Structures are given as structure tokens and as C-alpha cells.
């Protein structure tokens with residue numbers, strides 16, 4: 001098989017992965033709080049051929065010939081750039097106005113397990129609490145409980161008049177008489193190393209096994225408690241939109257498709273060349 005066919009086939013495989021990333025970005029253009037990913041390519045192994053071992057001439061490049069075997073998708077980076085803010089007027093809609101901050105929610109698994117996840121989606125709802133019929137639990141659109149600053153599910157007594165959420169994440173429940181009956185703090189985390197965040201679906205993120213990476217939870221994220229709560233920046237009655245630029249994604253999609261077509265054409269031409277060689281030999 002010609003080297004050009006190997007190189008083209010390797011690159012097409014990696015371009016397919018880039019197409020998957022771009023397609024996922026485009027599909028979530030209207031997803032609240034979604035953060036896009038960008039791809040970076042690198043070169044695969046390069047073979048060195050020292051065809052002139054006794055070459056003593058003055059050169060501006062290294063001796064020999066280097067032949068690559070294609071490109072690889074080196075990494076996909078999560079882009080935490082702030083998305084546009086859309087006013088909704090709904091009291092339970094909350095938008096971050098500062099990058100790097102996430103709500104904490106408790107995702108419940110099918111086998112009864114639960115784990116803390118992170119999200120920028122501030123579209124919250126109230127649902128009856130399973131433990132107390134007189135209480136309402138604050139949840140996201142998937143039904144996952146929203147956590148407070150102590151990582152406990154947020155519940156409020158039923159029969160309230162209104163709910164207000166301050167810019168620093170303090171939730172206050174207003175009773176029928178206009179007095180504040182409950183005060184709670186939304187659980188907010190500032191992510192220090194966003195490159196470690198892994199998407200787990202449903203617009204949620206999680207961290208991998210940090211011990212295997214040689215880092216601790218404090219190295220990658222800080223829960224905004226105490227004096228740190230003054231750094232939280234929220235806006236009630238609004239939602240942060242996706243930070244995906246559809247025009248940019250469509251441009252990247254067309255470039256990637258053209259690259260894929262070029263490599264496919266390279267395989268076709270190489271196959272034709274092999275056919276000519278076989279025809280000559282026969």
C-alpha cells in the first residue's frame with residue numbers, strides 16, 4: 001500500500017472526530033449555559049531517512065528526509081467564554097455574569113448512586129419534596145436537586161409569596177405577609193482548571209479521578225463560601241445562552257469537510273496509481 005494512502009486514512013479518522021466535536025457544538029447552539037469545545041491538531045510519528053549519511057554541505061535544515069504518517073486530534077479544549085445574557089423575567093432563572101463559576105447539583109444514577117456535578121444552566125424549578133409533602137425542592141430541568149453551600153439539597157416551605165436571588169447567590173423566600181421566612185445560599189464553585197472538566201451529558205460536568213492525576217480537589221476547584229461569596233456574580237430573571245458562534249462553527253465545518261474530501265481523493269488517486277503499476281507489471 002502506498003504511503004500516501006496510509007497518511008490519508010490516518011488523517012481522515014482524526015478529521016471525523018473533529019466533525020463530531022463541531023456537530024455537537026452546532027447541536028447545542030440554543031442550549032442554556034452550554035460551553036463549546038475547540039479542537040487542536042498535532043503531527044503523528046515522523047520517520048527519519050538518512051539517505052545521504054556523508055553529506056557535508058552547508059544546510060539550513062536537518063540532514064535526511066522526514067516522512068509523516070498523518071495528523072492527529074491532539075486535544076479538545078473547553079471554552080468557558082461568557083455567553084450572551086437573555087432576559088426572561090422568571091424568578092427561578094439565574095445567569096452567571098462571570099466566567100469560571102458553576103452551580104452544584106446532585107445527579108442521581110439509575111442504581112441509586114449520586115454524585116455532585118457542575119453546570120452553568122440556571123433554569124431552575126420547584127418540585128414536591130419526597131421527604132416532606134409540605135416542602136418544595138429546587139431542581140434543574142433534569143430533576144436533579146440544586147445544592148446549597150453545604151452541599152445539601154435546597155428545599156423551601158410551600159405557600160410562599162415570592163423568591164429573590166441576590167447577585168452573590170443568596171436565595172430568600174418571601175412569605176405571604178412580605179417578610180423573609182428562609183435564607184439559603186446557592187452552592188457555587190469556581191473552577192480553577194477547566195481543562196479537567198469532563199462532560200457527562202445533560203449539560204453537566206464532572207472531574208476525573210484526581211488522585212490518578214496527582215492533584216487534589218483544592219487544586220482544581222474552590223467552593224465559594226464565606227468571604228468568597230462576594231465574588232459570585234449572578235443575575236436573577238435571566239439565562240446565559242450558549243457561547244457557540246454558529247457562523248464560526250459552520251466555517252470550521254466546511255473547512256473540515258474539504259480536508260476530509262481532499263484526503264479521500266488522495267486515497268482514490270493512490271489506488272489508481274497502484275492499478276497502473278499492476279497493469280504495467282502484468
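The values are calculated or read from the model by the stated rules, or taken from the named source; none is laboratory data. The structure displayed is predicted, hence computed values, not measured ones. Because the Cβ atoms are built from the backbone with ideal geometry, glycine has one as well, and the counts that use them run over all protein chains shown.
What tally of residues in segment 87-124 results from selecting those that are surrounded by 21 or more Cβ atoms within 10 Å (Cβ to Cβ) and free of Cβ contacts under 8 Å to residues at least 60 places away in the same chain?
The qualifying residues number 1.
Which ones in segment 174-189 are buried (at least 19 other Cβ atoms within 10 Å of the Cβ) and either free of Cβ contacts under 8 Å to residues at least 24 places away in the same chain or within 13 Å of residue 157 (Cβ to Cβ) (or both)?
184
For residue 95, which of the numbered conditions (1) more than 21 Å from the chain's Cα centre (by Cα); (2) assigned by TED's automatic domain parsing to the domain that holds residue 185; (3) assigned to a strand (DSSP E or B) fails to hold?
Unmet for residue 95, out of (1) more than 21 Å from the chain's Cα centre (by Cα); (2) assigned by TED's automatic domain parsing to the domain that holds residue 185; (3) assigned to a strand (DSSP E or B): (1).
Which residue, of 196, 192, is surrounded by fewer than 17 Cβ atoms within 10 Å (Cβ to Cβ) and in contact with a helix residue (DSSP H, G or I) (Cβ under 8 Å, 6 or more places away or on another chain)?
On the way: 196 fails: surrounded by fewer than 17 Cβ atoms within 10 Å (Cβ to Cβ).
From the options 196, 192, the qualifying one is 192.
Taking into account only those residues within segment 1-13 that are in contact with a strand residue (DSSP E or B) (Cβ under 8 Å, 6 or more places away or on another chain) and surrounded by fewer than 19 Cβ atoms within 10 Å (Cβ to Cβ), which is modelled with the lowest pLDDT?
Step one: list which residues in segment 1-13 are in contact with a strand residue (DSSP E or B) (Cβ under 8 Å, 6 or more places away or on another chain), which gives 3, 7, 10-11.
From what's left, surrounded by fewer than 19 Cβ atoms within 10 Å (Cβ to Cβ): 3, 10.
Details: 3: 74, 10: 82.
This residue is 3.
Residue 228 - would you say it is closer than 27 Å to residue 198 by Cβ, more than 23 Å from the chain's Cα centre (by Cα) and either buried (at least 18 other Cβ atoms within 10 Å of the Cβ) or not assigned by TED's automatic domain parsing to the domain that holds residue 29 (or both)? Steps first, please.
On the way: closer than 27 Å to residue 198 by Cβ: yes; more than 23 Å from the chain's Cα centre (by Cα): yes; either buried (at least 18 other Cβ atoms within 10 Å of the Cβ) or not assigned by TED's automatic domain parsing to the domain that holds residue 29 (or both): yes.
The answer is yes for residue 228.
Considering only residues that are in a loop (DSSP other than H, G, I, E, B) and modelled with pLDDT under 85, look in segment 62-86 and name the one that is surrounded by the fewest Cβ atoms within 10 Å (Cβ to Cβ).
From segment 62-86, those in a loop (DSSP other than H, G, I, E, B) are 62-64, 69-70, 79-84; that's our starting set.
Those still in the list that are modelled with pLDDT under 85 too: 62-64, 69-70.
Values: 62: 9, 63: 15, 64: 14, 69: 16, 70: 18.
Ranking the qualifying residues of segment 62-86, first place goes to 62.
Give the residues of segment 27-49 that are part of a loop (DSSP other than H, G, I, E, B) and modelled with pLDDT under 75, sorted by residue number. It would help to see each step written out before you state the result.
Filtering segment 27-49 down to residues part of a loop (DSSP other than H, G, I, E, B) leaves 28-36, 44-45.
Within segment 27-49, 44, 45 qualify.
I want to confirm something. Restricting to segment 50-61 and keeping residues that are surrounded by 10 or more Cβ atoms within 10 Å (Cβ to Cβ) and within 26 Å of residue 6 (Cβ to Cβ), which single residue is modelled with the highest pLDDT?
By that ranking, first place goes to 50.
Please go through segment 151-160 and pick out each residue that is more than 21 Å from residue 178 (Cα to Cα) and without any contact (Cβ under 8 Å) to a residue 24 or more places away in the chain.
If the condition is that a residue be more than 21 Å from residue 178 (Cα to Cα) and without any contact (Cβ under 8 Å) to a residue 24 or more places away in the chain, then 152 is the only one that fits.
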